[in-house]
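Here is the structure we will look at.
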Amino acid sequence: MNDILVLKENGSLVKELQANEQAIIYQSLDTTIDHIDLNLKENASLVLLTFNNGTIKDVNLKSTLARGASLTIYNMIISKSDVSLKEEIYVSDKDASVNILNVCLGYEDAKINSFIHIFHNSEYTNSELETYAIAIDKATLTLDNNATIKKGCRKTVVHQKAKGLNLSKESTIKAQPNLYIDEFDVEASHSASVGNINKDELFYLMSRGLPENEARKIVVLGFINPLIDKIQTVNQEARDIKEGILDEFSQKLK
C-alpha cells in the first residue's frame, strides 16, 4: 500500500498521475484548498480526501480519467456557514472508474450545496456516487448528483445514492439525483431518501439509561461511522486526520 501524502499548503492542488502511477492524498484539517485539478493517465490510481469546515466558501474540482484509471474521492464537509462544492469528472476511456463518497453536516444557518457531475464519455466505464447529509438547527443542504452517459458508451455502469438525516424541525435536506442516458446497453440506478432520526433506535438506547442527547449522538455517529471507516490510515498523520474528522462530527452533535 502506498504512503499517504498529507497536503499542508493552502491554495490549489494540481496533480497529474503518469501511466500506472498510484497515489493517496489527504487534505489536513487546517489546510484550505479551493481548486483541484486532476489528470489521471492510463491505469493510474488516486485516492483523495478533502475536508472543509466552512473556512472555504467555494470548492471546485475537475478531473479527467484515461483508460483503466481509477479515482476515489472522499469529501467531508462540516459547516455552520454557506459552502458550495462543485465536482466535474470526465471518464474518457475504457475501463476507467470513479468512486465518490460525500459526508456533509450543516448546522446553525448553514447552506451547503453539493453539485457533482460524472461524464461517461467511453464504453465499459463505471461510477458510484454516494452522498450522506446531516442537517441541524436551520441548516439547508442540497445534494445535486448527476451522471451523463453518452450515446455509444455501452456496458457503462452507474450507481447513485443519497441519504439525508434531519435532526431538527427547521432543517432541510434536498436530494436531486439525475441520470442523463443516451445509450440503451447500460446499467444505471439512483436512489434518494431523507428522514428523521429512527425513534425505535432512540427509544432502545434511552431505555438502557442513556439521556436523549447522548442517544441521538450515538444514532447519528452510527449513520456516518461506516462511511468514515472507509478512509485508509497507514500512517500516524492519516490516523490523526480520521480521528479529527470524527471528533468534529462528535462535537457538533452535542
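The values are calculated or read from the model by the stated rules, or taken from the named source; none is laboratory data. Here the structure is a predicted model, which means the values were calculated and not measured. Positions of Cβ are generated from backbone atoms using ideal geometry, with glycine treated the same way; all protein chains shown enter the neighbour counts. For accessibility, only protein heavy atoms count, side chains too; no ligands or nucleic acids. Shrake-Rupley method; radii C 1.70, N 1.55, O 1.52, S 1.80 Å.
Before we move on, is S168 open to solvent by less than 60 Å² (accessible area, probe 1.4 Å) and more than 21 Å from the chain's Cα centre (by Cα)?
So S168 passes the test.
Which of (1) out of contact with any strand residue (DSSP E or B) (no Cβ under 7 Å at 6 or more places or on another chain); (2) open to solvent by less than 20 Å² (accessible area, probe 1.4 Å) is the odd one out, the single condition L65 does not satisfy?
Here L65 meets the rest and fails (1).
Restricting attention to segment 194-219, which residues are of a type outside the set (S, T, N, Q), farther than 29 Å from T50 by Cβ, in a helix (DSSP H, G or I) and open to solvent by 60 Å² or more (accessible area, probe 1.4 Å)? Spell out the reasoning first.
Restricting attention to segment 194-219, the residues satisfying the condition of being of a type outside the set (S, T, N, Q) are 194-195, 197, 199-206, 208-212, 214-219.
From the residues that got through so far, the ones that are farther than 29 Å from T50 by Cβ too are 199-206, 208-212, 214-215.
With the extra rule that they be in a helix (DSSP H, G or I), the set shrinks to 199-206, 212, 214-215.
Listed by number, the residues that qualify are K199, D200, E201, F203, Y204, M206, E212, E214.
Tally the residues that are touching an Asp or Glu at 6+ places or on another chain (Cβ under 8 Å), under 23 Å from R154 (Cα atoms) and among the aliphatic types (A, V, I, L, M), restricting the search to segment 125-139.
Counting residues in segment 125-139 that are touching an Asp or Glu at 6+ places or on another chain (Cβ under 8 Å), under 23 Å from R154 (Cα atoms) and among the aliphatic types (A, V, I, L, M) gives 0.
For segment 72-86, enumerate the residues that are surrounded by fewer than 21 Cβ atoms within 10 Å (Cβ to Cβ) and under 24 Å from K252 (Cβ atoms).
Residues satisfying the conditions are K80, S81, D82, S84, K86.
Taking only segment 67-91 into account, find how many residues are farther than 22 Å from T148 by Cβ and in a loop (DSSP other than H, G, I, E, B).
Here is the first cut: in segment 67-91, the ones farther than 22 Å from T148 by Cβ are 74, 76-83.
After this cut, where a residue has to be in a loop (DSSP other than H, G, I, E, B) as well, the list is 80-82.
Number of matching residues: 3.
Is at least one residue of segment 220-233 open to solvent by 80 Å² or more (accessible area, probe 1.4 Å), touching a residue at least 60 places away in the same chain (Cβ under 8 Å) and of a type outside the set (S, T, Y)?
Just the residues of segment 220-233 that are open to solvent by 80 Å² or more (accessible area, probe 1.4 Å), to begin with: 229-230.
Then drop every residue that is not touching a residue at least 60 places away in the same chain (Cβ under 8 Å), which leaves 230.
Keeping just the survivors that are of a type outside the set (S, T, Y) gives 230.
Checked against the condition, which is being open to solvent by 80 Å² or more (accessible area, probe 1.4 Å), touching a residue at least 60 places away in the same chain (Cβ under 8 Å) and of a type outside the set (S, T, Y), segment 220-233 yields at least one hit.
How about segment 92-117: which of its residues are open to solvent by 10 Å² or more (accessible area, probe 1.4 Å) and not hydrophobic (A, V, I, L, M, F, W, C)?
Across segment 92-117, the qualifying residues are S92, D93, K94, D95, S97, N99, Y107, E108, D109, K111, N113, H117.
Take L246 and tell me if it is under 17 Å from the mean Cα position of the chain (by Cα), within 18 Å of L48 (Cα to Cα) and open to solvent by 40 Å² or more (accessible area, probe 1.4 Å). Can you show your working first?
Working: under 17 Å from the mean Cα position of the chain (by Cα): yes; within 18 Å of L48 (Cα to Cα): yes; open to solvent by 40 Å² or more (accessible area, probe 1.4 Å): yes.
So L246 passes the test.
Are any residues in segment 6-34 assigned to a strand (DSSP E or B) and surrounded by 14 or more Cβ atoms within 10 Å (Cβ to Cβ), and if so, which ones?
Selection gives V6, L7, L13, K15, L17, A23, I24, I25, Y26, Q27, I33, D34.
Regarding I89, is this residue closer than 30 Å to S250 by Cβ, buried (at least 18 other Cβ atoms within 10 Å of the Cβ) and free of Cβ contacts under 8 Å to residues at least 60 places away in the same chain?
It is false that I89 is closer than 30 Å to S250 by Cβ, buried (at least 18 other Cβ atoms within 10 Å of the Cβ) and free of Cβ contacts under 8 Å to residues at least 60 places away in the same chain.
Would you check which residues across segment 38-66 are of a type outside the set (S, T, Y), more than 16 Å from L5 (Cα to Cα) and not in a loop (DSSP other than H, G, I, E, B) and list them?
N39, L40, N52, D58, V59, N60, L61, K62, L65
Restrict the check to segment 43-56 and report whether at least one residue is open to solvent by 50 Å² or more (accessible area, probe 1.4 Å) and under 16 Å from the mean Cα position of the chain (by Cα).
yes
Quick one: would you say Y124 is of a type in the set (S, T, Y) and not in a strand (DSSP E or B)? Let's see the steps before the verdict.
Values: of a type in the set (S, T, Y): yes; not in a strand (DSSP E or B): yes.
It is true that Y124 is of a type in the set (S, T, Y) and not in a strand (DSSP E or B).
Which one is farthest from F249 (Cα to Cα) among residues in segment 171-187 that are open to solvent by 40 Å² or more (accessible area, probe 1.4 Å) and in a strand (DSSP E or B)?
I181
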